[in-house]
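Okay, so here's the structure we're looking at.
The values are calculated or read from the model by the stated rules, or taken from the named source; none is laboratory data. In this text the structure is predicted, and so the values were computed from the model without any measurement. Here the Cβ is made from the backbone with ideal geometry for all residues, glycine too, and neighbour counts use every protein chain on show. Only protein heavy atoms, including side chains, enter the accessible area calculation; ligands, DNA and RNA are left aside. Shrake-Rupley method; radii C 1.70, N 1.55, O 1.52, S 1.80 Å.
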Amino acid sequence: MSNQEILNKLRDTIVTQDIKGCEAAAKEALEADISAFDAINGGLAVGMKIIGDKYELGELYLPHIMMSAKAMDGAMGILTPELEKDKTTESIGTAITFVQQGDIHEIGHRLVSIMLSVNGFNIVDLGVDVPDETIIDEIKKLNGSKVLLAGSALMTTSMQGQKDTMEAIEKEGLRDSVKIMFGGAPISQKWIEEIGADATAKNAADAARIVLKLMD
Ligand code: HCB
């Protein structure tokens with residue numbers, strides 16, 4: 001089977017909610033020397049995009065999405081340790097990663113956290129549905145060190161919360177202590193400029209590239 005066919009298999013097992021098949025395809029990808037990174041971006045993430053589009057068109061329902069997310073989780077359990085093998089020993093700083101309050105979409109957040117970790121960030125993962133007070137407390141704890149804030153929002157409602165987070169950081173006088181990147185499907189460069197954050201990224205690989213420049 002060609003590498004592209006294996007990537008297509010990863011994609012299709014996500015689209016068809018084939019949990020066991022997805023894990024098997026992840027193992028097959030590694031056995032064929034496909035990097036964990038390519039398996040995620042060229043297979044799993046492509047599948048998630050397709051089910052997102054199908055959900056929007058009303059062709060799939062929430063239980064399907066949950067099963068696809070479970071399939072992705074299983075495959076990530078196999079691929080993540082491989083990603084971590086390439087982890088750089090250079091320390092870039094600390095990244096506080098989180099999903100905005102009211103939002104429990106964690107797949108992209110986890111991918112971003114992994115990519116930042118592999119690229120030299122010490123990760124403080126606050127998880128999902130995180131209130132501003134928790135974020136502020138964490139920035140204060142790390143005061144003095146090089147800190148990146150990497151927040152995700154997948155819904156237009158939680159995206160609005162990023163503006164409040166920016167205001168809370170400003171109000172506490174902490175804006176100069178952190179670089180701030182927000183991402184997630186609804187986030188645009190225009191929004192980043194509007195709320196006064198530093199950067200956004202369309203995917204986890206870009207996120208790592210962009211923040212390396214940002215922290216320079
Ligand atoms: Co969910 N959901 N969902 N959902 N969901 C979305 C996000 C919609 C767009 C689907 C739709 O209607 N078209 C929609 C939001 C609409 C809107 O506000 N505009 C939606 C909704 C409405 C909901 C519920 C309210 C549904 C309901 O209950 N009626 C509910 C929300 C509950 C809540 O959060 N309070 C809900 C629930 C779910 C689950 C639980 C079934 C499941 C999440 C499972 C999990 O995370 N464990 C889910 C999923 C999977 C999705 C879709 C289908 C896929 C999201 C995903 O994982 N994408 C999504 C449709 C879509 O996004 N088009 C749909 C794959 C990852 C890899 O991409 O974009 O998350 P990503 O991350 C990328 C990228 O954005 C960037 O890098 C990542 C990796 O490459 N990035 C960053 C992300 N964060 C970054 C941070 C940075 O600093 C930098 C870059």
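Once the Cβ-Cβ distance of L212 and N41 is raised to the sixth power relative to R0 = 22 Å, the FRET efficiency obtained is 0.80.
Percent of accessible area on the stretch 3-85 owned by carbon and sulfur, 1.4 Å probe? Numbers along the way, then the final one.
Details: 2470 of 4380 Å².
Carbon with sulfur: 57 percent of the solvent-accessible area.
The largest accessible area among S91, S188 belongs to the first residue in S91, S188, and the rest follow in falling order (1.4 Å probe, all chains). Per residue of the chain, the DSSP helices (runs of n ≥ 4 H) give a summed -39500 (n - 2.57) that works out to -17500 deg cm²/dmol at 222 nm. The listed residues T156, T94 rank as T156, T94 when sorted by accessible area, largest first, using a 1.4 Å probe. Let's test the formula: R0 of 35 Å, r as the Cβ-Cβ distance of D137 and K87. What FRET efficiency results, to the nearest 0.05? Using R0 = 35 Å, I get an efficiency of 0.80. Comparing M115, M66, M159 in a Gaussian network model of the chain where C-alpha atoms under 10 Å apart are linked, the largest mean-square fluctuation is found at M66. Size of the chain: Rg and Dmax of its alpha carbons, in Å, are 17.6, 57. For the stretch 1-72, the alpha carbon positions stretch 36, 19, 18 Å along the principal axes, listed from largest to smallest.
Per residue, how large is the accessible surface of the chain? Use a 1.4 angstrom probe and give square angstrom. Provide the component values of the computation, followed by the final result.
On the way: 10900 Å² over 216 residues.
Counting only protein heavy atoms, the per-residue value for the chain is 50 Å².
Helices assigned as whole DSSP H runs in the chain whose Cα atoms extend at least 20 Å along their own long axis and whose mean Kyte-Doolittle hydropathy is -1.0 or higher are found at 62-85.
For K146 and D73 in one chain, what is 0.36 nm times their gap in residues minus the Cα-Cα distance, to one decimal in nm?
Using 0.36 nm per residue and subtracting the Cα-Cα distance, I get 23.2 nm.
If you take the alpha carbon atoms of the stretch 93-214 and fit the smallest convex hull around them, that volume is 85 Å³ per residue.
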